Protein chains: 2
Amino acid sequence: MATKSEKILTIAERRGFFYPSAEIYGATAGFWTYGHLGTLLKHKWENLWRDTFLKLNPNYFEIDDCVIMPEKVFESSGHLEHFNDPLTSCKKCNSRFAADKLVSNALGIEADGLSPEALTKLIRENKLICPECQGELSDVKQFNMMFQVKVGALGEITMYLRPESAQSPYLAFKREIEALRRKLPLGLAVIGKAFRNEISPRQGFFRLREFTQAELQIFFDPDKINEADKWKEIEKFKVKLKFADADKEQEVACKELNSKYGLPKFYVFHMASIQKFYLEKLQIPKELFRFRELSEKERAFYNKIHFDIELNLETLGGFKEVAGLHYRGDHDLGGHQKGSGEKLDVVTDTKRVLPHVLELSFGVDRNICALMDIFYKEEKERTLFSFPQCLSPLDVAVYPLVNRDNLPEKAQEIFDEVSKEFRAFYDTSGSIGRRYRRQDEIGTKYGITVDNETLKDGTVTVRERDSMEQIRVSSDEVLSVLKKLFRGEADFKKAGKPLK
Amino acid sequence: MATKSEKILTIAERRGFFYPSAEIYGATAGFWTYGHLGTLLKHKWENLWRDTFLKLNPNYFEIDDCVIMPEKVFESSGHLEHFNDPLTSCKKCNSRFAADKLVSNALGIEADGLSPEALTKLIRENKLICPECQGELSDVKQFNMMFQVKVGALGEITMYLRPESAQSPYLAFKREIEALRRKLPLGLAVIGKAFRNEISPRQGFFRLREFTQAELQIFFDPDKINEADKWKEIEKFKVKLKFADADKEQEVACKELNSKYGLPKFYVFHMASIQKFYLEKLQIPKELFRFRELSEKERAFYNKIHFDIELNLETLGGFKEVAGLHYRGDHDLGGHQKGSGEKLDVVTDTKRVLPHVLELSFGVDRNICALMDIFYKEEKERTLFSFPQCLSPLDVAVYPLVNRDNLPEKAQEIFDEVSKEFRAFYDTSGSIGRRYRRQDEIGTKYGITVDNETLKDGTVTVRERDSMEQIRVSSDEVLSVLKKLFRGEADFKKAGKPLK
């Protein structure tokens, strides 16, 4: 029996959500292509993200930068020195392993953050061997995960592919705060590629070497960290989270997070916004969502406050990180100010200040992966993705019941009409039941069927994906009915006449 | 006196259209950042492109792929062997030059496509020297312009940054034609990054090492190259073009291009669509637009028909390439079929066929650069970008006339309202005339001013950018008036009462 993970991957590849990049040459681990459906889903997620987080404050803006960056950037950011994974390899079969993960899997302990020496000692003391061929493992070495790129005709300029999109806003901060003539806080977002030479990218589509991030870096006055404009609106809102030292999750009101747990208001406001994004916009069931605080040992030394956003994914065996909210202090602008020699402090009403950074960081591919896990459903005669309608790759499919009697002509007319506003698909092949199931399988929210009744009384059948309920709507009104449904202004069953 | 080019660059940097990437570390030639305004402009251009070209045929779709690709891809595509620039360097100061451009500039001849030996001979015979320091030049060598990336813990996998987005659809073709269950033609588009190690990327923002392409690869049955679905609609449409052997441009009806000049209907249909995109959607003046046929010597050997789309750009001294329409035959699928061993032919109604490719290739950054050149205007008291309203980075700005008397509160309310549908900017600082000019400078189409009259009769002033005309509109109706203006359903002067 195929696992859920295998079933989803099969659909993803067969229908065009995603598949290995350059697969006709054999896949290289960690590189994937978004097919035509995956691209639509990704764009919808990204636009929803923009619409949510860029609208939190009129001072939040998006920029778009190069992914190839000068070496000096990563000297200042610390990536050249610190962005390492501990590597061990098999002396016999040459397989390579992330040593911390290997030790942690073999011994069932938390090995994240241990030094190469400590990991080597654990491997030797416990006589750990190659999981592939039982050969002897090498001593553990640090391995830098950035990809180097040599630029210039003689390769004389050493540059790197950015390992996180975050560096772009830090580099652009000085230019943008001047261009925008705004006071703090200033938010600069990037939706773009980042690259990491992962040692062994196993988890399919979840851990990639080339991936897309959606990140918002907010530069703010550290003296105002306990202020949030819209605090009143969220004071009573309950955040679902697990503290580092707690055994289980709890729900705590924002007000209490601030007063009892000492989390600053500016941080808590963005926590609430992220939870609303997942639960209200993406419609993730609350039981599958949580913030998880990282312990001091787990988190980067410059992160003063760090909660991951985790979703419980059946295909990956539990809660997995899909985003993070990091209070990074002055680590970033401080490092670049020192490294570049450019002053990066700004004038506020009363003083000069080097802004601190709050980072909202989302792995786009991981979120897509999570959506496909969470909304995948199996029923007796069909599988479906019950995506919220704002996310479904295709909004609507249009079908002539049969390929004769002028039904295709009428259906084509309706297809052209609804295509003006919606992402539509026209399908004529196979029985109508089979065509419905093909669209259910990829999560298309509505179907419109043109039948013989249409030629008599001008009405068409509109079918809703999850309930499979059908209503009759005048073909003249079908576009406006769809608009109302997508705006949430109409209830499906009342949007037309019940089917006899 | 600053040149037009310098003036536009100054505005671009100061206001946040674009600026050198990582500039606090000193710019690396060929790498640029899109600031907050540039990002909006780029996204609007890209969405307009999607809305135009993906809607030409219900069989045209978008995909999204990795930029890092296996070496074998470029063995098959020919890039490893042929994607070279001839390089010469100065033995004294080490400056490097594209030898064909150096020879062509020095001797005023067409040196594109000459062999390294021929170029070396021309340099020696004409005693050409380093333009920077008058030193001696080296022999000309071939230089591959792809960036190499070493993947895996030991760098054991050699990959490359794609030099053109086109390879992604070729690699995905087999998967997508099966997933989509469609017949030919099938179009696969990519909007994404590509990378070229240009020897000396001088022309500022126009020739980049990291750049964005918007490309549509159409796979079609070569036996149907002289068919086009909507031929009747464009038969009489006149295309403006310059043939390779002609001295000047001419306008020729599609029908005649087919019957007299032998250009196939499928090619001509896409020519007409591209011209409509530039002239009707982007509103480029016709005198600045042309197709230019490349001679056999200029074009790649596999391109059977090749017209560049050129715009006449004052800042770059004449007609420059911003896009291309290439009939590439079976070069691409043929090469990948041979290299990968995968069958890439498909079944049509009557036979098996290896599809041919028609490529629509647009340089996104070059198009942005061109828009800023073409729509830049200088008037007595202001400069402006007279972008068509579908392209202006900001749709509307909202101003309280003065910062007192409850005007800011009312203006803020209107700002919140119009922000729901439009990209809006709120500005309170400086005289109203200065604020208008600041928005004109970045091309914001409309301005809404709240003044004392607003508090009395509820009307606001709406100002149009190009004409600077003003009308009074009820503040309750300002959102719906804007909607009508942007949909092209209202004439500005008649959309409100004339200002007294």
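Could you list, in sequence order, all residues of region B:217-231 that are open to solvent by 30 Å² or more (accessible area, probe 1.4 Å) and polar (S, T, N, Q)?
Residue satisfying the conditions is B:226 alone.
Go through region A:38-53 and count every residue that is touching a residue at least 40 places away in the same chain (Cβ under 8 Å) and more than 10 Å from chain B (Cβ to nearest Cβ).
8
Select from region A:481-500 the residues that are over 16 Å from residue A:447 (Cβ atoms) and either part of a loop (DSSP other than H, G, I, E, B) or open to solvent by 80 Å² or more (accessible area, probe 1.4 Å) (or both) and list them in ascending order.
Correct list: A:484, A:487, A:488, A:489, A:490, A:491, A:494, A:497, A:498, A:500.
Among the residues of region A:303-328, which ones are in contact (Cβ under 8 Å) with a residue 40 or more places away in the chain and over 23 Å from residue A:282 (Cα atoms)?
A:305, A:327
Find all pairs meeting these conditions: Cβ atoms under 7 angstrom apart; at least six residues apart or on different chains; first residue within region A:483-500 and touching a residue at least 40 places away in the same chain (Cβ under 8 Å); second residue among the charged types (D, E, K, R) and open to solvent by 40 Å² or more (accessible area, probe 1.4 Å).
Close Cβ pairs (under 7 Å, with a partner that is among the charged types (D, E, K, R) and open to solvent by 40 Å² or more (accessible area, probe 1.4 Å)) amount to A:483/A:421.
Which pairs have Cβ atoms under 6 Å, sit 6 or more apart or on different chains, and link a residue in region A:418-443 that is under 24 Å from residue A:374 (Cα atoms) to one that is among the basic types (Lys, Arg)?
A:437/A:382; A:440/A:382; A:440/A:465; A:442/A:15
Could you list, in sequence order, all residues of region A:1-19 that are at the interface with another protein chain (Cβ under 7 Å from one of its Cβ atoms) and without any contact (Cβ under 8 Å) to a residue 40 or more places away in the chain?
A:14, A:16, A:19 - these are the residues of region A:1-19 that are at the interface with another protein chain (Cβ under 7 Å from one of its Cβ atoms) and without any contact (Cβ under 8 Å) to a residue 40 or more places away in the chain.
For residues in region B:76-94 being touching an Asp or Glu at 6+ places or on another chain (Cβ under 8 Å) and touching a residue at least 60 places away in the same chain (Cβ under 8 Å), which is farthest from residue B:159 (Cα to Cα)?
B:85
Please identify the pairs in which a residue from region A:343-372 that is free of Cβ contacts under 8 Å to residues at least 60 places away in the same chain and closer than 20 Å to residue A:332 by Cβ has its Cβ atom under 6 Å from the Cβ atom of a residue that is small (Gly, Ala, Ser) and part of a strand (DSSP E or B), counting only partners at least 6 apart or on another chain.
Short answer, once both residue conditions are applied: none.
Let me confirm something: among A:68, A:63, which residue is closer than 28 Å to residue B:212 by Cα, within 7 Å of chain B (Cβ to nearest Cβ) and under 19 Å from the mean Cα position of the chain (by Cα)?
A:63
Looking at region B:14-32, is at least one residue aliphatic (A, V, I, L, M), more than 19 Å from the chain's Cα centre (by Cα), assigned to a loop (DSSP other than H, G, I, E, B) and at pLDDT 95 or above?
yes
Working only within region A:337-361, note down all residues that are more than 18 Å from residue A:222 (Cα to Cα) and not polar (S, T, N, Q).
Of everything in region A:337-361, those that are more than 18 Å from residue A:222 (Cα to Cα) and not polar (S, T, N, Q) turn out to be A:338, A:339, A:341, A:342.
Counting only residues that are under 15 Å from residue B:417 (Cβ atoms) and hydroxyl-bearing (Ser, Thr, Tyr), which one in region B:460-480 is least open to solvent (accessible area, probe 1.4 Å)?
B:475
Can you pull out the residues in region B:20-31 that are facing chain A (nearest Cβ under 7 Å) and surrounded by 24 or more Cβ atoms within 10 Å (Cβ to Cβ)?
Residues satisfying the conditions are B:21, B:22.
Tell me whether region A:52-66 contains one or more residues that are at pLDDT 95 or above, surrounded by 23 or more Cβ atoms within 10 Å (Cβ to Cβ), in contact with a Gly (Cβ under 8 Å, 6 or more places away or on another chain) and over 30 Å from residue A:337 (Cα atoms).
So far as region A:52-66 goes, no, none of its residues is at pLDDT 95 or above, surrounded by 23 or more Cβ atoms within 10 Å (Cβ to Cβ), in contact with a Gly (Cβ under 8 Å, 6 or more places away or on another chain) and over 30 Å from residue A:337 (Cα atoms).
Of the residues A:390, A:369, which single one is under 20 Å from residue A:448 (Cβ atoms) and open to solvent by 10 Å² or more (accessible area, probe 1.4 Å)?
Of A:390, A:369, the one residue that is under 20 Å from residue A:448 (Cβ atoms) and open to solvent by 10 Å² or more (accessible area, probe 1.4 Å) is A:390.
Which is open to solvent by 30 Å² or more (accessible area, probe 1.4 Å), within 30 Å of residue A:336 (Cβ to Cβ), facing another protein chain (nearest Cβ under 10 Å) and part of a helix (DSSP H, G or I), of A:81, A:75?
A:75
Going by what's in this entry, would residue A:463 be described as basic (Lys, Arg) and in a strand (DSSP E or B)?
Answer is yes for this residue.
Give just the number: which of (1) within 22 Å of residue B:72 (Cα to Cα); (2) over 26 Å from the mean Cα position of the chain (by Cα) does residue B:120 not satisfy?
In the conditions (1) within 22 Å of residue B:72 (Cα to Cα); (2) over 26 Å from the mean Cα position of the chain (by Cα), residue B:120 misses (1) alone.
Of all the residues that make up region A:115-140, how many are touching a residue at least 24 places away in the same chain (Cβ under 8 Å) and touching a helix residue (DSSP H, G or I) at 6+ places or on another chain (Cβ under 6 Å)?
Qualifying residue count for the region: 5.
Only one residue in A:280, A:321, A:310, A:298 is more than 23 Å from residue A:219 (Cβ to Cβ), in contact with a Phe, Trp or Tyr (Cβ under 6 Å, 6 or more places away or on another chain) and not polar (S, T, N, Q), so which one is that?
A:310
The values are calculated or read from the model by the stated rules, or taken from the named source; none is laboratory data. This is a predicted model, so every value here is computed, not measured. Ideal geometry is used to build each Cβ from the backbone, glycine not excepted, and the neighbour counts take in all protein chains shown. For accessibility, only protein heavy atoms count, side chains too; no ligands or nucleic acids. Shrake-Rupley method; radii C 1.70, N 1.55, O 1.52, S 1.80 Å.
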